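What follows is a short report on a single structure.
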Amino acid sequence: MAYSSIVYLLPFLGAVVLLYNGMPKKYRWWVLLLASYIFYWLNSPTTLIFLLLSTAAVYLAGIFLNKIQDGFDLSKKALDKEGKKQLRKIVGWQKKAICACALLFIFGLLAFLKYYPFVSENINQFLKLLHLESTLPSLKLLLPLGISYYTLQAAGYIIDVYRGKYRADTHLGKVALFLSFFPQIVEGPIARFDQTADQLMEGNRSTYQNLTWGIQLILWGLFKKMVIADRANPFVAEVFKNYAEQSGVALLVGGVLFTVQIYMEFSGCMDIVIGSAQLFGINLPKNFARPFFATSVNDFWRRWHITLGAWLRDYVFYSVSLSKGFAKLSKKAKEKLTPFLGALIPSAAALFCVWICNGIWHGAGWKYLAYGMYYYGIMLLGMLLEPLFAQCGAKLKLNREGRAFRIVRILRTCILVVGGMTLFRAETVGAFGEIVYRIFTNFAPQHFYDGTLLHLCIDGWDFIAIAAGCAIVLLVSILQEKGYSLREQIAGQNIIIRWSVYLALILAIIIFGAYGSGYDQVAFIYGQF
Amino acid sequence: MEELLEILENLKPGVDFPAQTDLIEDHILDSMSVVMLVGELNDAFDIEITPVDVIPENFKTVDAIYAMIQRLSDD
């Protein structure tokens, strides 16, 4: 039941909204929890058990952490300073052990179910090279729906409790709903407990504004997904499948179109997800902030899949870079090297951990690891060359804050991102290498205008629909970037203008959307992680 | 406060730190520079800034950073 399907949008979501509002306030969270488990069961019945196990693990670990903290708070009153210090040390270890057990359990499930086939295959190949006969059994494992998302939410919750950011919640239903809320279970956004849990339990009635704004956002998401992303999909699929037969131009256009496809699809899905939650008056964290206006790769990752980036920053980057081991490394680096390198090396090492995690989070395969390393390499190079860029800029008297320089930086970032997305979409790292090679050695510029591109599964009308759709999204993005709140502007208009906009959007989806015969419903790319 | 300003100015030369109202939102301090700053502050003020303390509210302005240092020094 994809978020863009009629089954989800009308019978399912409609019924949940009606039931939710028909229930007394204190029972509304039950509707959401039940709907979430039904949604999960309908999509992935055999793997629901893993969601339940992860929920139970972090719930119980949280309760234990509360008990240990309460015991410490009670005992410390009767102790002197030295006694408190000793007890704090013991309690610290106990809390660390419980947190580690919970994390090992939930990440163990994720690692086994998602990465075992990849790891076992590589180990077996390695053993074969050494002429050893023992091999790891190859298992066909079902990947639980949304495991990469709910595992990060569960880990964030238990780490926050361990760090003392808030106390663990004793309400099992609240923890269960936080981890399973149906609009976000498949593709995120990866929320924090203190962002959504209370809202989910409040049970506020759906107001007129919540309903209209939610529907607006769902329509906007459907427009991006069905008019642009799904229409681009046949071209992208063909080019990347038969890359060895394509010219450089076709491969380049394929890379650009895949970048457009994945953005429209993922951000469109987030619009449907956030809009769905808004129908119940629940505000989920945003996951996109117009990433193609980014002036650097770092800036791009602050605007693209924001909740994943923030999760990796808070729980990997800061955990590693602020650890005692890294503090020592930093000190030594400062003493023995230049101050610049002394500051750079520990950050670079912590950043390496972040990008390894980012790469393997996206999937079990060498190309995902390479994808993480691609961005790590760019960022590292940027950090190393920054003093040089600054010097050159000063010598050439470049206005690095000026508009022209900003546009150049945006274009440069877009090119780097298209490179990264091409690697992401290529079947293997080797295929990516060949695609790049063909772009440079077999460019065939005449394919731009001789009609070759119009015979790669989509025709001229498809290209026109994609271009028109992108132009509308670009216009809206420019207005948003300038600070206009389009939704408020539309809501402030009279009923004729307001409904004209809504009807235009609905008609655009019906007329230009890619569906019906000749189009398979395209699965959300990020739903497969 | 003067020591803090000196550290900040060494980290990001040319920024008028006391005049800034949001060092995080305005991207003057990103996660990299926050880590570098934390290392400097830990050494200079003999405190231990943990990941829990690394939240935007504690690094938003010079006053917020100073208040965090004071709080951690008292602990």
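Remarks
- Matching option when the condition is assigned to a helix (DSSP H, G or I), in the same structural domain as residue A:376 (by TED's automatic domain parsing), surrounded by 11 or more Cβ atoms within 10 Å (Cβ to Cβ) and at pLDDT 85 or above, among A:433, A:419: A:419
- Boolean, residue A:86 is under 28 Å from residue A:154 (Cα atoms), polar (S, T, N, Q) and in the same structural domain as residue A:161 (by TED's automatic domain parsing): no
- Qualifying residues in the stretch A:326-340 (those that are farther than 12 Å from residue B:40 by Cβ and either within 32 Å of the chain's Cα centre (by Cα) or not assigned by TED's automatic domain parsing to the domain that holds residue A:386 (or both)) - the one surrounded by the most Cβ atoms within 10 Å (Cβ to Cβ): A:326
- When each of A:440, A:424, A:405 is tested for being more than 14 Å from chain B (Cβ to nearest Cβ) and free of Cβ contacts under 8 Å to residues at least 60 places away in the same chain, the lone residue that passes is A:405.
- Given (1) of a type outside the set (A, V, I, L, M); (2) in contact with a Phe, Trp or Tyr (Cβ under 8 Å, 6 or more places away or on another chain); (3) surrounded by fewer than 22 Cβ atoms within 10 Å (Cβ to Cβ), index of the condition residue A:285 fails: (2)
- Considering residues of the stretch A:347-373 that are buried (at least 18 other Cβ atoms within 10 Å of the Cβ) and within 14 Å of chain B (Cβ to nearest Cβ) only, the residue nearest to the chain's Cα centre (by Cα): A:358
- Pick from the stretch B:16-60, criterion of a type in the set (Ser, Thr, Tyr) and surrounded by fewer than 18 Cβ atoms within 10 Å (Cβ to Cβ), ranking: farthest from the other protein chains (Cβ to nearest Cβ): B:21
- Candidate set: the stretch A:272-281, residues that are crowded, with 21+ Cβ neighbours inside 10 Å and not in a helix (DSSP H, G or I); chosen: the one nearest to the other protein chains (Cβ to nearest Cβ): A:280
- Residue A:293 modelled with pLDDT of 95 or more, within 15 Å of the chain's Cα centre (by Cα) and surrounded by fewer than 24 Cβ atoms within 10 Å (Cβ to Cβ): no
- Residue A:239 among the β-branched types (Val, Ile, Thr) and either without any contact (Cβ under 8 Å) to a residue 24 or more places away in the chain or more than 30 Å from residue A:420 (Cα to Cα) (or both): no
- Filter result (within 14 Å of another protein chain (Cβ to nearest Cβ) and either surrounded by 24 or more Cβ atoms within 10 Å (Cβ to Cβ) or β-branched (Val, Ile, Thr) (or both)) within the stretch A:159-176: A:159, A:161
- Any helices (runs of 4 or more DSSP H) falling wholly within chain B and containing at least 1 residues that are within 28 Å of residue A:387 (Cα to Cα), within 10 Å of the chain's Cα centre (by Cα) and not β-branched (Val, Ile, Thr): B:2-11, B:31-45, B:56-59
- Count of residues meeting criterion [over 17 Å from residue A:211 (Cα atoms), loosely packed, with under 12 Cβ neighbours inside 10 Å and among the hydrophobic types (A, V, I, L, M, F, W, C)] in the stretch A:478-496: 1
- Test: residue in the stretch A:396-405 that is surrounded by 13 or more Cβ atoms within 10 Å (Cβ to Cβ) and at pLDDT 85 or above: yes
- Within the stretch A:186-200, the set of residues being closer than 23 Å to residue A:4 by Cβ and either in contact with a Cys (Cβ under 7 Å, 6 or more places away or on another chain) or of a type in the set (A, V, I, L, M) (or both) comprises A:186, A:187, A:190, A:191.
- Filter result for residue A:117 (in a loop (DSSP other than H, G, I, E, B) and either out of contact with any Pro (no Cβ under 9 Å at 6 or more places or on another chain) or at pLDDT below 95 (or both)): no
- Look at the stretch A:447-472: where a residue is assigned to a loop (DSSP other than H, G, I, E, B), no partner that is at pLDDT below 85 sits 6+ places away or on another chain with Cβ atoms under 8 Å.
- Condition check for residue A:376: modelled with pLDDT of 90 or more, within 14 Å of chain B (Cβ to nearest Cβ) and crowded, with 16+ Cβ neighbours inside 10 Å: yes
- Matching residues, the stretch A:290-346, being within 12 Å of chain B (Cβ to nearest Cβ), within 20 Å of residue A:262 (Cα to Cα) and of a type in the set (Phe, Trp, Tyr): A:301
- Enumeration of residues in the stretch B:1-15 that are loosely packed, with under 13 Cβ neighbours inside 10 Å and within 13 Å of chain A (Cβ to nearest Cβ): B:10, B:13, B:14
The values are calculated or read from the model by the stated rules, or taken from the named source; none is laboratory data. Just so it is clear, the structure is predicted and the values come from calculations on it, not from any experiment. When we count neighbours, we look across all protein chains shown, and the Cβ atoms used for this are built from the backbone with ideal geometry, even at glycine.
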